[in-house]
Amino acid sequence: MTTSSLTVCCTLLAIDPKTLRRWVALAHLVPQPDPLDARQRCLTLPQLTLLARLHAHPLLSLPSAPPPPAPESPGVPDLDLRAAMTVLETRVTLLQEQVAQLTSALIRERDLRLQQLVGVTQPLRPPADASPLSPLSPVASAPSPQAPAQPPSSPLQPLPRHPHPPVIPLIEARADGTVTLICPQRGILPLVPDSAEWFEWLASLPSFRFQGSQGSFGVQRKTIGGLPTREWRAYKHYHNRQHGFYLGMTEALTVAHLEYMAATITARLATL
């Protein structure tokens, strides 16, 4: 059912709201609540026609509702979206070409460094712009008589290996009181600890390693101007750092003193 608000009814009848209320009361009409807003009152089309006929008043035509918008055809493409997709595809293609160029440059740089290391003068791989030769191609099967013979390429040589660090003597003191002296050249030495031969052997060493029951460390003789002295220092790697400790003179390097320094170094590094 078509209804019109009181404001619209005044417009259709070309009267003021006060006159409309008086006409509704005289005709004993009951306004209907607005279906969208219950606070508003409306008149139906028959009621509005009755008022116009009773008072011989012309009734203007109702405003026609605007036609609903026509649905967009799903087959019509969006020009802005198509242009954006075209630009995106162009950028992706450009990025792919740049990545391919960077990869080729990195491979050539790696091959050049490998050639410098192993001493190879010829390239390890053909350039990217060289056309591959078919196995059945006459150029690949037999060399041209006019072309000069190419010298055979030198075989790849293994990379040079770094020499192993020198093996230094080892003094091993066990918990049962036995002491073993191991020389890299002479093997196990039959020396009595803390004897004259013991200190004479220590005086001939530039460095050695001590392994005791309280810990281990490396020992190196102190030098001044390239000349060895009678002083020794202990070294210990801990937490990726090398820590140095004063060990004493040659005549102080007894087994008991070395065990004491091992326990001292272990306790001091534990506090770091």
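The values are calculated or read from the model by the stated rules, or taken from the named source; none is laboratory data. Note that the coordinates shown come from a computational prediction; the quantities given were computed from them, not determined experimentally. Using ideal geometry, Cβ is built from the backbone for each residue, glycine included, and neighbour counts are taken over all protein chains shown.
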Item to check | Contacts under 8 angstrom Cβ, first residue in the stretch 241-257 being not assigned by TED's automatic domain parsing to the domain that holds SER207, partner charged (D, E, K, R), 6 or more apart | outcome: none
Next on the checklist: Looking at the stretch 1-32 only, could you name the residues that are within 14 Å of PRO58 (Cα to Cα) and touching an Asp or Glu at 6+ places or on another chain (Cβ under 9 Å)?
Outcome noted: CYS10
Checklist outcome for this item: Within the stretch 206-245, the residues that are in contact with a Pro (Cβ under 6 Å, 6 or more places away or on another chain) and more than 13 Å from LEU258 (Cα to Cα) are ARG221
Checklist entry - Do any residues in the stretch 191-207 that are without any contact (Cβ under 8 Å) to a residue 24 or more places away in the chain have Cβ atoms under 6 Å from those of residues that are of a type in the set (Ser, Thr, Tyr), where the two are at least six apart or on different chains, and which pairs are they? => result none
Next on the checklist: Going residue by residue through the stretch 181-204, is there one that turns out to be in contact with a His (Cβ under 8 Å, 6 or more places away or on another chain), crowded, with 16+ Cβ neighbours inside 10 Å, farther than 30 Å from GLN116 by Cα and not polar (S, T, N, Q)?
Outcome noted: no
